[in-house]
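Let me begin by presenting the structure, written as structure tokens, before commenting on it.
The values are calculated or read from the model by the stated rules, or taken from the named source; none is laboratory data. Not measured: the values here are computed from a predicted model. Methodologically, a virtual Cβ is constructed for each residue, glycine included, from the backbone with ideal geometry; neighbour enumeration extends over all protein chains shown. Note: accessible area is taken over every heavy atom of the protein model, side chains too, but ligands, DNA and RNA are not part of it. Shrake-Rupley method; radii C 1.70, N 1.55, O 1.52, S 1.80 Å.
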Amino acid sequence: MTTDEKYMMRAIQLAKNGRQNSQPNPMVGAVIVYFGQRTTDNGQRTVDEGRIIGEGYHVRCGEGHAEVNACASVRPEDEHLLRESTIYVSLEPCSHYGKTPPCADLLVSKGFKRCVIGCQDPFAKVQGRGIQRLRDAGIEVTVGVLEEECKALNKRFMTFHGEKRPLVTLKWAQSADGFIDGHISTPYTQMVCHKRRAEHQAILVGRHTYDTDNPSLNTREWYGKNPKKYVVSNDPSFVINPDSVFERLVGNVPTMLTKLYEDGIQTLLVEGGSKLHQSFIDSGLWDECYVEIGDDAIKGSVSAPILYNAKLVERTSYMGRIIEKYIKHRVSN
Ligand code: AOF
Ligand code: ZN
């Protein structure tokens, strides 16, 4: 591992502290490292391994960005070292006035020698302008250190801004013989499901699930916000129960996702039923899928969706009950 990778890894580790509160902003971490120069006994100049003199991450949407927090953490007696220091940021420093002023300007004013960036910010108001501003000011900029890891960290943010749709997660529970119409989850896996709901901005069900299960789709077994609820139906006679807090979606998968994008939804959890899941799988517009496999055969009447172009990445046991995690298999031509 190179020195740059080592400090970028620390930036990623810091960024993850923002998982719960940074949404809909990305998780970002920053590390400030002073590389002192020394003259050895035989007169050679060497550069130190580096000493971390500041760290920060984006804690909460609306508040200071990672770079601001990292700069604020530098001790006054170390301030003069910034001109010999490198700042490692997992995402390109911003160049726009949002809820806070541009981080690129802050880095220029602090006089950093070098800036190492994990990946470019896909947000339309930034998209390389932060990098350009740093370079224009004479800061040495390196982009793309641990790039894949930095992109994966903010998969939802990257998908939302890059593909103009929410990150789509499918989730269902099926019996040992492959049916979904029965009570399958255990109290433990139900809690896991509610935790997953709390991590999503919106949740979507089909008309049939809405009518037959009257689902609450809340997070009562976990803490955190309830996701916004959507139901899809193209039937003109369908009327939403005025007491329910669902919003209706119409159209096919691409049109629904465009509407959700316009609503600012970055993460969508699809909770069924089978037909709705199948339409997402068939359209190829999904990212992650969790399948709980029950212990018993139930000889039900609604078959589980058929998942394909999928790669199994995890099999987790919750007190003996298995939940499989798949991601969409990216076919490269
Ligand atoms: C950074 N460092 O730590 C984060 C960045 O509304 P604002 O002002 O908070 O700006 C949000 C946008 O700033 C967000 O969409 C993304 O492009 C960038 N996030 N940038 O330099 C950070 N969180
Ligand atoms: Zn910023």
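What the table below lists for this structure:
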quantity: The chain: C-alpha gyration tensor shape, a/c 1.5 cut-off, then a/b vs b/c; calculated: prolate
quantity: Surface share of carbon and sulfur [accessible, 1.4 angstrom probe, percent] for the range 164-328; calculated: 52 percent
quantity: Kirkwood hydrodynamic radius of the range 3-161, Cα pairs, Å; calculated: 15.6 Å
quantity: Global geometry of the range 164-328, whether rounded, prolate or oblate, following the gyration tensor of its Cα atoms and the 1.5 cut on a/c; calculated: rounded
quantity: Helix runs (DSSP H) in the chain reaching 15 Å along axis by Cα, Kyte-Doolittle at least -0.5; calculated: 3-15
quantity: Within the accessible area of the range 3-161 (1.4 Å probe), percent carbon and sulfur; calculated: 47 percent
quantity: Given charges at beta-carbon only (K, R positive; D, E negative), |dipole| of the chain in Debye; calculated: 340 debye
quantity: Shape category assigned to the range 287-333 from the gyration tensor of Cα positions, a/c cut at 1.5; calculated: oblate
quantity: For the range 300-329 versus the range 214-281, the gap between their alpha-carbon centres in whole angstrom; calculated: 21 Å
quantity: Simple label model, 7 Å out from Cα along Cβ direction - Glu147 to Thr2, nm; calculated: 1.2 nm
quantity: Separation of alpha-carbon centers, the range 141-209 and the range 1-49, rounded to whole Å; calculated: 31 Å
quantity: Residue-averaged 222 nm ellipticity for the chain, from DSSP H runs of 4+ at -39500 (n - 2.57), nearest 500; calculated: -7500 deg cm²/dmol
quantity: Residues in the range 201-225 reached by a label modelled at Asp243 [backbone nitrogen below 17 Å; 7 Å Cα→Cβ]; calculated: 210-218
quantity: Accessible area of the chain divided out per residue, in Å², using a probe of 1.4 angstrom; calculated: 50 Å²
quantity: Length added when fully stretched, His96-Asp41, from 0.36 nm per residue minus Cα-Cα; calculated: 15.0 nm
quantity: FRET E, pair Arg75, Lys125, Förster distance 41 Å, beta-carbon r, rounded to 0.05; calculated: 0.80
quantity: DSSP beta bridges in the chain [antiparallel fraction, %, rounded to 5]; calculated: 50 percent
quantity: Sequence of Lys225, Lys164, Lys195, Lys171 when ordered by accessible area, the most exposed leading, probe 1.4 angstrom; calculated: Lys225, Lys164, Lys195, Lys171
